[in-house]
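Right, one structure below, let's go through it.
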Amino acid sequence: MDTILNLLIVLLTAVSFLFCFRKKEGGWSIQNGRRALRFFTILSNLFSALASLAALFLLQKGSLPYGIWLIKYVATASVTVTFLTVMVFLGPTLGYKSQLEGWSLYLHLLGPLFAVVSFCFLERFYTLSFPASLWGIVPVLLYGALYLKKVVYTSGEAQWDDFYGFNKNGAWKKSFSAMVVGAFLICMLLFLLCKI
């Protein structure tokens with residue numbers, strides 16, 4: 001079962017990312033694909049796919065080293081942040097239909113659920129300690145700093161649109177704090193799920 005889930009994560013993420021290069025009017029654009037790398041959704045799912053690919057390869061050889069297992073945890077925490085951000089924030093503000101149609105259904109819902117089931121219930125090779133669980137916050141801190149720089153402190157062509165709406169009415173401090181607290185709570189949820 002774990003092999004199937006990891007394989008699905010790798011293949012479906014690859015296909016989803018491939019479609020990021022597709023233009024709405026037809027045809028393909030490298031620029032579209034590059035622009036997609038601005039989104040935490042894409043980055044977290046690619047991270048999860050790479051961690052799953054490493055797990056697939058190493059498990060075929062017989063074991064999963066602790067370091068790779070921990071990276072898979074951090075990747076799982078990342079896509080769980082994507083999932084809950086959509087369910088709690090983006091869905092209500094932008095509409096669930098827009099967030100869960102087409103390949104977004106996989107990126108925002110199915111991929112994260114596959115990752116959680118795979119890591120928390122099928123890959124219990126080690127014990128996830130409380131200090132180790134806090135590594136799951138790191139991707140949010142790194143991306144939050146990048147988003148803040150590109151949206152708030154950058155101007156001109158290099159500036160990003162506030163596509164997540166985190167700086168609406170200048171509320172980036174509240175948004176950043178909420179995302180870090182949310183990431184911490186997600187880490188605690190995964191920590192508890194690994195204990196069941």
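Observations, loosely collected:
- Candidates PHE176, PHE166, filtered to the one that is modelled with pLDDT under 95, surrounded by 18 or more Cβ atoms within 10 Å (Cβ to Cβ) and touching a Gly at 6+ places or on another chain (Cβ under 6 Å): PHE176
- Note on the range 2-22: residues that are at pLDDT below 95 and in contact with a helix residue (DSSP H, G or I) (Cβ under 6 Å, 6 or more places away or on another chain) amount to 3.
- Qualifying residue in the range 122-133 (condition: open to solvent by 80 Å² or more (accessible area, probe 1.4 Å), farther than 30 Å from ASP2 by Cα and of a type in the set (Ser, Thr, Tyr)): no
- Total residues in the range 87-97 satisfying the condition of being more than 14 Å from LEU109 (Cα to Cα) and open to solvent by less than 30 Å² (accessible area, probe 1.4 Å): the figure is 1.
- Restricting the range 180-194 to residues that are open to solvent by 50 Å² or more (accessible area, probe 1.4 Å) and either of a type in the set (Phe, Trp, Tyr) or touching a residue at least 24 places away in the same chain (Cβ under 8 Å) (or both), the residue that is nearest to LEU113 (Cα to Cα): LEU189
- Pairs are defined by a Cβ separation below 6 Å, a sequence spacing of at least 6 or placement on different chains, a first member in the range 97-109 that is closer than 15 Å to LEU46 by Cβ and at pLDDT 95 or above, and a second member that is surrounded by 15 or more Cβ atoms within 10 Å (Cβ to Cβ) and not aliphatic (A, V, I, L, M); the pairs so defined are TYR106/SER16; LEU107/SER16; LEU107/THR41; LEU107/ASN45; HIS108/GLN99.
- Residue check for LEU84: under 19 Å from LEU141 (Cβ atoms), out of contact with any Cys (no Cβ under 8 Å at 6 or more places or on another chain), of a type in the set (A, V, I, L, M) and open to solvent by 50 Å² or more (accessible area, probe 1.4 Å): yes
The values are calculated or read from the model by the stated rules, or taken from the named source; none is laboratory data. Please read these numbers as outputs of a predicted model, since none were measured by experiment. Note: ideal-geometry Cβ built from the backbone for every residue, glycine included; neighbour counts use all protein chains shown. These area figures cover heavy atoms from the full protein model, side chains too; ligands, DNA and RNA do not enter into them. Shrake-Rupley method; radii C 1.70, N 1.55, O 1.52, S 1.80 Å.
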